[in-house]
Amino acid sequence: MTSPLIDLIGKTALVTGAASGIGLETAMVFHRLGARLVLSDINIEGLRALAGSFGPDTILLKHDVSRDEDWDAVYSQVHARFGALHVLVNNAGVMIAKPFEQAGIDILRRQLSINVDSVYLGMQGALPLMRAAIASGARSTSIVNISSIYGKVGGAQFAAYSATKGAVRALSKAVATELASKKIRVNCVMPGPIATNLGADWDPPRDADGNLVDPQAALAAWAALIPVGRLGAAADIAPLVAYLASDAADFITGSEFIADGGYTAA
């Protein structure tokens, strides 16, 4: 349940990967908290199917987050419609499970482009619009980058994914230190195993011998290892993102927030 002590009234927020999973749940929480929304996803048909869930102050955009020209187009529309940006949630991502010995460089490069290039491009492009928000009287602006616990600890068959999410974690901290004096906050959320459509988008996971593994069986095996006894849900993550986006988190930057049901504490 979202705390009534926070709101996003008067703020414009961009959420990438908003057609499903954590991105969609975050968009819905932001809407309930009063934000003006820019929702983007490469799956524009899925995003448009959700249009009725949001208000008139919402833009829906097709967006390949790995392409700088797509970011330019998105930010041009944000500027034209709202003039400023208060919140950026870099949520879009891809996860590919494959034994390290069988994972070619293409596996790493694909995940780097979607998981890391997008965060770099998104943060750089957001700065002029966030400076405009500050100039208009905003107390601070907020960037929330969605990493993963596998950016902090290792995971078998997730070598390339772990490398990209570790990069998001380090990048968030570095940029946070540089932008803190400019009232632009940068934080990183690191979910544990979450039952979202991201799992359905995997290249089929394989065991150590290269045999295909049912993604649902892999998720069930993860759930058995989590101290709280279940996989996470998008609804477990979105309120945390909303808090970091709000003025209630004005003193928080350069931090990482693990939400994993105790998985990395066990």
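Structure above, values below:
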{"item": "Residue in the range 228-252 that is farthest from the chain's Cα centre (by Cα), counting only those that are surrounded by 11 or more Cβ atoms within 10 Å (Cβ to Cβ) and not in a helix (DSSP H, G or I)", "result": "VAL228"}
{"item": "Yes/no for ALA27 being under 14 Å from SER246 (Cβ atoms), small (Gly, Ala, Ser), surrounded by 24 or more Cβ atoms within 10 Å (Cβ to Cβ) and in contact (Cβ under 8 Å) with a residue 12 or more places away in the chain", "result": "no"}
{"item": "Check on SER40, under 24 Å from ALA132 (Cα atoms), assigned to a helix (DSSP H, G or I) and modelled with pLDDT of 95 or more", "result": "no"}
{"item": "Positions within the range 174-191 being over 14 Å from the mean Cα position of the chain (by Cα) and crowded, with 18+ Cβ neighbours inside 10 Å, in sequence order", "result": "VAL175, ALA176, LEU179, ILE184, ARG185"}
{"item": "Residue within the range 93-103 that is touching a His at 6+ places or on another chain (Cβ under 9 Å) and within 27 Å of ALA249 (Cβ to Cβ) present", "result": "no"}
{"item": "Helices (runs of 4 or more DSSP H) (entirely within the range 43-125) containing at least 3 residues that are under 30 Å from ALA138 (Cα atoms)", "result": "68-81"}
{"item": "Filter result for the condition that a residue is at pLDDT below 95 and surrounded by 15 or more Cβ atoms within 10 Å (Cβ to Cβ), over THR16, THR58, THR2", "result": "THR2"}
{"item": "Residue count, the range 16-29 (criterion: under 10 Å from ILE146 (Cβ atoms) and touching a Gly at 6+ places or on another chain (Cβ under 7 Å))", "result": "3"}
{"item": "Pairs with Cβ under 7 Å, 6+ apart, first in the range 119-141 and more than 30 Å from GLY166 (Cβ to Cβ) and surrounded by fewer than 16 Cβ atoms within 10 Å (Cβ to Cβ), second charged (D, E, K, R) and at pLDDT 95 or above", "result": "ARG139/ASP247; ARG139/ASP250"}
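The values are calculated or read from the model by the stated rules, or taken from the named source; none is laboratory data. Model, not experiment: these values are computed from the prediction. When we count neighbours, we look across all protein chains shown, and the Cβ atoms used for this are built from the backbone with ideal geometry, even at glycine.
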